[in-house]
Amino acid sequence: MEELSHNMFDWDFANKVQKMAGNSINLCFQCKKCTSGCPIVFQMDYSPAQIIYAARLGMKDLVLNSNTIWLCASCETCTTRCPQDVDIAKVMDAGRILARKEKLRAGVREIAIFNKTFLQNIRIFGRLYEAGLTVFLKLRTGEIKKDLDLGITMLKKGKLKLFPSFTRVFEINRMFSRIKKLEHKRI
Amino acid sequence: MKYPYYPGCSLHSTAREYDISLKAVSDTLGIELKEIKKWICCGASAAHQTSSLLAIALPAKNLAEVEKENIEEVLVPCAACFARFKNAKYQLDKDPELLKEINDIISQTFENKVKILHPLEILSNGMSTKIKQSVKKDLSGFKVVCYYGCLLTRPPKIMQFDTCEYPVSMDEILKNAGVHVLDWSFKTSCCGAALSLTKTEIILKLIDDIFENAKAVGADAIAVACPLCHSNLDMRQQEANKLFNRNHTIPIMYFTQVLGLALGLKPYELSLNTHLIETDELLSKIY
């Protein structure tokens, strides 16, 4: 672990996370219930409780470069069990949003690509076109062979639609653009 | 009874068994489902992990369309859509300024009045007698564990559904249908959700734990109410077997498929032949 120094504490970052998390993260008293209930913690570089503590101290680099914020499956176990009503899952969302805003290389690249590809897909089609999502995901991550057999089996079973449908595409596109403008000013 | 129905993207593709079996069961029980027109994706986890406004705007657009038709409630069977709808409703109830902003984004005046319901709710509230009376097939020898996953009940202050750490609604519905429901330890454990497509090795560990416990308590099948839980447990089961050197072949069935069997519907009417883990052997014990 690198040595602590005063310039590691970015209070502007701490305030941003505080605001995005809704309820105050300063209420955390490190009971670590979030960590003991987290199903993914065995793969994380920092535990959820460590991320909360680091965010309170404004340790931006640690939080935004962690794999924790990306691996979180949004199962909400932590948020449900927190005795202090800290919305830990929302802090993970805040981390992902801020990392994207800062154009940082995501702690888990495939997951950032997945989210981006998913949203582009619904922006184009209105409803998720799963076959398209899988193809674009493969092209972007370079994992062409991954799940190929599974995809073929799914097609055979009629579980994947070959062709997309288009629903409310102009309206959705307008919603995406408006949100982008609003959030550009805000975050 | 008539309910407007938001299927969501999965029920039209990977989870079409849920759509088919829910409609078949509803039909048998005299519940009419009417799919809402021109619905769009709820945004799922990708939206809330990327933009808090988008995560609210997408469900709100759907809710606004329902409200426009003067309909007071909507049935949302996918656990992830159900959670996103409930989240949007909760945030908008709390914050009138946000509601104004969302109205601008979706170009609609919407008051956030629509009630969001899950099939487990309507089938467990006031339907027990009807279900008991409609049972046609004795499933007392069919042992099932109920898997609720994460999003139906968490976080409880938003979801306001069942009891969050130990839900019972699915257990009760299937018990009313005469199914032998078993208790187990993994009712609300996470299956890894969308990590399935990106970090598959993580979800394999999570689902292996689930299979091991289901087997230990003697379950013939796992009943689910979430398309993502279903696809992870069904489509990744063989991969998990390979990695952990097991030989599980536990059928994963939507709770509506199990209920449908008890109501005397035929397996093909419930689309029980399209899962990756075959249900034939198990069904041959029943038929």
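The values are calculated or read from the model by the stated rules, or taken from the named source; none is laboratory data. It should be emphasised that the depicted structure is a prediction, and the values quoted were computed from it without experimental measurement. Counting neighbours? That spans all protein chains shown, and the Cβs are built from the backbone with ideal geometry, glycine included. Quick note on the areas: whole protein, heavy atoms, side chains included, nothing else; ligands and nucleic acids left out. Shrake-Rupley method; radii C 1.70, N 1.55, O 1.52, S 1.80 Å.
Label positions at B:LYS38 and A:LYS103, each projected 7 Å from the Cα along the C-beta direction, are separated by 3.8 nm. Taking the chain by itself as reference, region A:136-151 contains these residues with an accessible-area loss of 50 Å² or more in the full protein complex (1.4 Å probe, heavy atoms): A:LYS146, A:LEU150.
The listed residues B:GLU281, B:GLU212, B:GLU172, A:GLU183 rank as B:GLU281, B:GLU172, B:GLU212, A:GLU183 when sorted by accessible area, largest first, using a 1.4 Å probe. Rg then Dmax, both in Å and based on the Cα atoms of the protein assembly as shown: 21.9, 72. Accessible area of B:VAL25 (1.4 Å probe, protein heavy atoms only, ligands and nucleic acids ignored): about 0 Å².
Under the simplified labelling scheme, the A:GLU183-B:GLU121 pair shows an inter-label distance of 2.7 nm, with each label point 7 Å from Cα along Cα→Cβ. Averaging the Cα positions of each part gives two centres, and for region B:234-287 and region B:1-57 these lie 22 Å apart. With a 10 Å cut-off around each Cβ of A:67-75, the average count of Cβ atoms from other chains is 6.
With all pairs of different alpha carbon atoms counted, what Kirkwood hydrodynamic radius in Å does chain A show? Numbers along the way, then the final one.
Values: mean 1/r = 0.0540 Å⁻¹.
Here the Kirkwood hydrodynamic radius works out to 18.5 Å.
A protection proxy built from the mean count of other Cβ atoms within 10 Å ranks the segments B:178-187, B:51-60, A:125-134, most packed first, as B:51-60, A:125-134, B:178-187. Computed in the context of the full set of protein chains, the accessible area of region A:25-155 at 1.4 Å probe radius has 55% of its extent on carbon or sulfur.
Contact with the other protein chains removes 10 Å² or more of accessible area, compared with the isolated chain and a 1.4 Å probe, from these residues of region B:180-197: B:CYS190, B:ALA193, B:ALA194, B:LEU195, B:LEU197.
Per the 1.4 Å probe, what fraction of the accessible area of chain B, in percent, lies on carbon and sulfur atoms? Show your work: numbers first, answer last.
Working: 5120 of 10510 Å².
Solvent-exposed carbon and sulfur of chain B make up 49 percent of the total.
Averaged over the residues of peptide A:152-162, the number of Cβ atoms from other protein chains lying within 10 Å of each residue's Cβ is 4.
With every protein chain in place and a 1.4 angstrom probe, the accessible-area ranking of B:SER140, B:SER26, B:SER124, largest first, reads B:SER140, B:SER124, B:SER26.
Charged side chains reduced to their Cβ positions (Lys and Arg at +1, Asp and Glu at -1) give region A:70-187 a dipole of some 540 debye around its Cα centre.
Any idea of the total accessible area buried by the B-A contact, 1.4 Å probe, rounded to 100 Å²? Mind dumping the intermediate values first?
Details: alone 13050 and 12770 Å², together 20590 Å².
Summed over both sides, the interface buries about 5200 Å².
Applying a 4.7 Å Cβ-Cβ cutoff to chain A, the cysteines left without a disulfide-compatible partner are A:CYS28, A:CYS31, A:CYS38, A:CYS72, A:CYS82.
Computed on protein heavy atoms with a 1.4 Å probe, the accessible areas place B:PHE85, A:PHE136, A:PHE163 in the order A:PHE163, A:PHE136, B:PHE85, largest first. Between helix B:52-68 and chain B there is an angle of about 90 degrees, using the helix long axis and the longest principal axis of the Cα atoms.
Past the 28 angstrom mark, what percentage of all C-alpha to C-alpha distances in region B:1-142 do you count? Provide the component values of the computation, followed by the final result.
Values: 2389 of 10011 pairs.
For region B:1-142, the fraction of Cα-Cα distances above 28 Å is 24 percent.
Highest average first, the peptides A:16-28, B:150-162 ordered by how many other beta carbon atoms sit within 10 Å of their residues are B:150-162, A:16-28.
FRET efficiency for the pair B:GLU69 and B:LEU283, taken as 1/(1 + (r/R0)^6) with r the Cβ-Cβ distance and R0 = 41 Å, rounds to 0.55.
Roughly how many Å² is the accessible area per residue of the protein assembly as shown, as a whole number, for a 1.4 Å probe?
Details: 20590 Å² over 474 residues.
Result: 43 Å² per residue.
Partner chain Cβ atoms within 10 Å, averaged over the residues of A:34-45 - can you pull that number for me? Walk me through the numbers on the way to the answer.
Values: counts 0, 0, 0, 3, 1, 12, 8, 0, 3, 5, 0, 0.
Partner-chain Cβ atoms within 10 Å, mean over residues of A:34-45: 3.
Who wins for biggest fluctuation among B:ASP95, B:ASP138, B:ASP234 in a Gaussian network model of chain B, springs between alpha carbons below 10 Å? It is B:ASP95.
Among the chymotrypsin sites (Phe, Trp or Tyr not before Pro) within region A:143-182, those in coil by DSSP and having at most 16 neighbouring Cβ atoms inside 10 Å are A:PHE166.
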